[in-house]
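Structure first, then comments.
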Amino acid sequence: MNYYNEIKNELINNEINRKVKNYSINKSDLNTYYNVGKMLYEAGSHYGEGIIKEYSKRLTNDLGKGYSKRNLWLMLRFYELKEKVQTVSAQLSWSHYCELLSFKNIDKINYYIELTKINNLSVRQLRDKIKSNEYERLPVDTRNKIINQEVSNVVDFVKNPILIKNSNKYDIFSEKILQKLILEDIENFLDELGVGFTFIKSEYPIKLDYKYNYIDLLLYNIKYKCYVVVELKITELKKKHTGQIMTYMNYIDKNIKTIEENNTVGIIICRQDNEYVIKYCSDDRIIAREYEIV
């Protein structure tokens, strides 16, 4: 087989399709770059790794810009990727895949593919999530669930640490300031928690005996049909914090939630975690996550 001519014809046909079939440009791109990648792989097996450099030079002379060594390497990588991942989706553009193709971790790639599909992320949004090390901030148990394609629960995708923006550069720090920062960018905060979280109210009042207490943040998760109590602490996690949030969760379960809804979940966001506090907590609905101000 004359690999160079086959690759050249494949790319020329794709350029023609891009001009006359705008509705299917992305699908045509992905099919073409997969086919080119496959031929580059086979040509490399016959003629060595230097084939990319040689073909890049020839294609640039024959077809013009767009066929650099890096672009051809990305096509080769795309072919190799498609042979390994769970699915290569046409919901992602070639530009999306270019953000992912340098990763060696297939589970990480699968995570970002699914994340992009579910949330219809733009390339810029995907790039921002990668830059924030979102995958690396997932709990190890969650990564294992992704690998084994297991069913997730409401708190699986709560990041650790949770990134909280301080756009106004507040100097004085307290739980009220931490709450203020979260409320100023509530969409980003909910995104840090995972999928399906919605905001109900800050300083949500509950009456215990004759005294009012106030939940820092009361959320609801639409996907998992449950209330979520969030307590904010600017110290290391302490035993009294789990006792406090457990009381609030039980109040919501007994007085607010309906029979059709699942039990309330508690998230303690603290400056520093203490694994033993959670390990020996009697209520497995409670999790703790550290925060990081960015």
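Identify the residue in segment 254-294 that is part of a helix (DSSP H, G or I) and in contact with a strand residue (DSSP E or B) (Cβ under 8 Å, 6 or more places away or on another chain) and, among all such residues, is modelled with the lowest pLDDT. Top of the filtered list is ILE278. Of all the criteria given as (1) open to solvent by 50 Å² or more (accessible area, probe 1.4 Å); (2) touching a residue at least 40 places away in the same chain (Cβ under 8 Å); (3) closer than 23 Å to MET246 by Cβ, the one not satisfied by GLY194 is (1).
Restricting the first member to segment 82-111 and to residues that are of a type in the set (Lys, Arg), and the second to residues that are in a loop (DSSP other than H, G, I, E, B) and open to solvent by less than 50 Å² (accessible area, probe 1.4 Å), the beta-carbon pairs closer than 7 Å and six or more apart or on different chains are LYS82/VAL88; LYS108/TYR135.
ILE200 passes every criterion in (1) of a type in the set (A, V, I, L, M); (2) open to solvent by 60 Å² or more (accessible area, probe 1.4 Å); (3) assigned to a helix (DSSP H, G or I); (4) modelled with pLDDT of 90 or more apart from (3). Among the conditions (1) among the aliphatic types (A, V, I, L, M); (2) outside any loop (DSSP other than H, G, I, E, B); (3) open to solvent by less than 30 Å² (accessible area, probe 1.4 Å), the only one that LEU121 does not satisfy is (2).
Here is the figure for segment 211-242: residues that are closer than 19 Å to VAL155 by Cα and loosely packed, with under 14 Cβ neighbours inside 10 Å total 2.
A count restricted to segment 247-273 and to residues that are open to solvent by 40 Å² or more (accessible area, probe 1.4 Å) and under 24 Å from ILE164 (Cβ atoms) stands at 3.
Looking only at segment 53-75, how many residues end up being within 23 Å of ASN105 (Cα to Cα) and touching a residue at least 40 places away in the same chain (Cβ under 8 Å)? Count: 2. In segment 1-71, counting only helices (runs of 4 or more DSSP H) that sit wholly within it, the ones holding 3 or more residues that are open to solvent by less than 90 Å² (accessible area, probe 1.4 Å) and touching a Ser or Thr at 6+ places or on another chain (Cβ under 6 Å) span 3-20. I'd like to check something: does segment 125-145 contain any residue that is exposed (fewer than 14 other Cβ atoms within 10 Å of the Cβ) and among the hydroxyl-bearing types (Ser, Thr, Tyr)? No, segment 125-145 has no match at all.
Answer yes or no: is there a residue in segment 17-25 that is at pLDDT below 95 and within 30 Å of ASP107 (Cα to Cα). Looking for residues that are at pLDDT below 95 and within 30 Å of ASP107 (Cα to Cα), one finds at least one in segment 17-25, hence yes.
The values are calculated or read from the model by the stated rules, or taken from the named source; none is laboratory data. Nothing here was measured: the structure is a model prediction, and the numbers come from that model. Glycine also receives a Cβ, built like all others from the backbone with ideal geometry; neighbour counts cover every protein chain displayed. Ligands, DNA and RNA are stripped out before the accessible areas are found, and what is left, the full protein with its side chains, is counted by its heavy atoms. Shrake-Rupley method; radii C 1.70, N 1.55, O 1.52, S 1.80 Å.
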